[in-house]
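Please treat every number below as a calculation from the coordinates, not as lab data. Note that this is a predicted model, so its numbers are computed, not measured. In this analysis, Cβ positions are derived from the backbone assuming ideal geometry, glycine residues included, and neighbour counts consider all displayed protein chains.
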Amino acid sequence: MICSVAPAKIILFGEHFVVKNYPAIATAVNLYSKTCIYEYDQPIVESKQLGVKTILGVEDVDQKFKQFNVAYEMIKTISGAVEGFYAVIDSEIPVSAGMGSSASTIVSFIHSLLTYYGLKPDLDLVNKIAYEAEKIVHKKPSGIDNTIVTYGGTIYYRSGSMERLNIDWPNDLYIVAIDTGVKRDTGMVVRSVLDLYDKYPNILGKVYEAAGLLVDTAREYLLNKRFMELGDLININHGLLVSLGLSTIEVEEAINMLKKIGAIGAKMSGAGRGGIVYGLFMGDPHKVRSMVGFAGKIYLLKPINEGVKSIYQ
Ligand code: MEV
């Protein structure tokens, strides 16, 4: 049996704007998806989280697995391998919530399948295949999701290239995410934002420019340990996303709750229109701790350095 794990991600700053080649900052966090591969005579993939499985490499692949099929076909071509396998994907990352569940599961699948076929799971190759697979799900992805879960750490991402930020995260800094429970399709939300941009390019061009300046300022603050000052930037970034029509009542309620319990700043994260919001906390988040696990919707997270890797069980 071969197993790989990949982390979840939080986009700290700049989602959506990154689709139009403005910068964004994302970090890997300590929630994981895992793929384990067993020998089998046909190529099968099963999602424990969704409670479904399908056979890959056939005409009518279950739509829920179409990105796995793209990855499988690419790996088959690269490796020349013909053997079947049984891949079991297990994940603690909420689905369609903005924490990179789709990127993390496809990256752990690709990493484990390359390993199973005896290839070195080079991270650049994993990332490249994952990007092609993500295009099937999200139509016009910026590539930030697959990149952050592949390499881990905290990255400044722009136009397909990344800079790894060496941030000295304080021990008492936490990212608290609340899942509003409102699921949405990232591809559709991205499309609607791009349509709004096309309708008002002169107005939204300024909003995008402001977002770019904000992300560059956040990069400076992060590198210079000015963590308390990030609160303003987090709140302003949320406001910019609101101006793109991305907030909902559930999002605003979750943000108010995070602020009430002491967040330095709070914003939606990922595609918006539901999904998760995150707040940044410094100090012992005892109020947060008492709420973690509440209805399974609140997560106490830490930035982590490692991306996808093999695990031995
Ligand atoms: C989704 O996690 C982030 C978006 O910026 C889309 C993308 O970058 O591909 C909304």
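Which lysines, on any chain, are close to K199 with Cα under 17 Å apart, when same-chain ones fewer than 8 places away are left out?
Answer for K199, where 17 Å is the Cα cut-off: K20, listed by chain and number.
How large is the Kirkwood hydrodynamic radius of the chain, in angstrom, based on all distinct alpha carbon pairs?
Values: mean 1/r = 0.0508 Å⁻¹.
About 19.7 Å for the chain.
What is the calculated FRET efficiency for D168 to K199, with r their C-beta to C-beta distance and R₀ = 51 Å, to the nearest 0.05?
It comes to 0.75.
Between E252 and K128, what's the calculated FRET efficiency when r is the beta-carbon distance and R0 is 30 Å? Round to 0.05. Don't skip to the answer; put the middle values down first.
Details: r = 38 Å, r/R0 = 1.27.
E between E252 and K128, to the nearest 0.05, is 0.20.
Putting +1 on Lys and Arg Cβ atoms and -1 on Asp and Glu Cβ atoms, find which of I78, N202, F13 reaches farthest to the positive end of the dipole of the chain.
Value: N202.
Under 18 Å from the Cα of K309, which lysines turn up, not counting those fewer than eight places away in the same chain?
The qualifying lysines are K9, K34, K120, K128.
Each residue of the range 185-192 in turn: what ³J(HN,Hα) in whole Hz from Karplus with 6.51, -1.76, 1.60 and θ = phi - 60°, glycine and Pro shown as x?
Values, residue by residue: 9, 4, x, 5, 5, 4, 4, 5 Hz.
Extending each Cα 7 Å along its Cβ direction at E39 and S159, get the distance between those two points in nm, one decimal.
5.0
Calculate the spin-label point distance for E92 paired with L50, positioning each point 7 Å from the Cα along the beta-carbon direction, and give it in nanometres.
The modelled label-to-label distance comes out at 2.2 nm.
Please state the relative contact order of the chain as a whole percent: Cα pairs under 8 Å, 6+ residues apart? Walk me through the numbers before you get to the answer.
Details: 672 pairs, mean separation 82.3, N = 313.
The normalised contact order for the chain reaches 26 percent.
Can you tell me which aspartates and glutamates have their Cα less than 12 Å from the Cα of K66? Leave out same-chain residues fewer than eight positions away.
Result set, ordered by chain and number: E132, E134.
Calculate how steeply helix 201-223 sits against the longest principal axis of the alpha-carbon atoms of the chain, using the helix alpha-carbon long axis, and give the answer as 0 to 90 degrees to the nearest 10.
Compared with the principal axis, the helix lies near 90 degrees.
For the range 1-150, evaluate the Debye formula with one uniform point scatterer on each Cα (no solvent term) and list log10 I(q)/I(0) at q = 0.08, 0.11, 0.16 Å⁻¹, rounded to two decimals.
Each listed q maps to, in turn, -0.20, -0.38, -0.80.
Please give me, ordered by residue number, the chymotrypsin sites (Phe, Trp or Tyr not before Pro) of the range 4-52 that lie in loop per DSSP and have at most 14 other Cβ atoms within 10 Å.
Passing both the DSSP loop test and the Cβ count: Y40.
Taking only C-alpha pairs under 8 Å that are 6+ residues apart, what is the relative contact order of the range 82-225 in percent? It would help to have the intermediate numbers written out before the result.
Details: 107 pairs, mean separation 31.2, N = 144.
Once divided by the residue count of the range 82-225, the mean separation gives 22 percent.
Of G212, N235, I155, which is farthest along the charge dipole of the chain in the positive direction, counting Lys and Arg as +1 and Asp and Glu as -1 at C-beta?
Checking the options against the dipole of the chain, the answer is N235.
Between K140 and E59, what is the FRET efficiency for a Förster distance of 22 Å, r being their Cβ-Cβ separation, to the nearest 0.05?
Numbers: r = 26 Å, r/R0 = 1.17.
After rounding, the FRET efficiency stands at 0.30.
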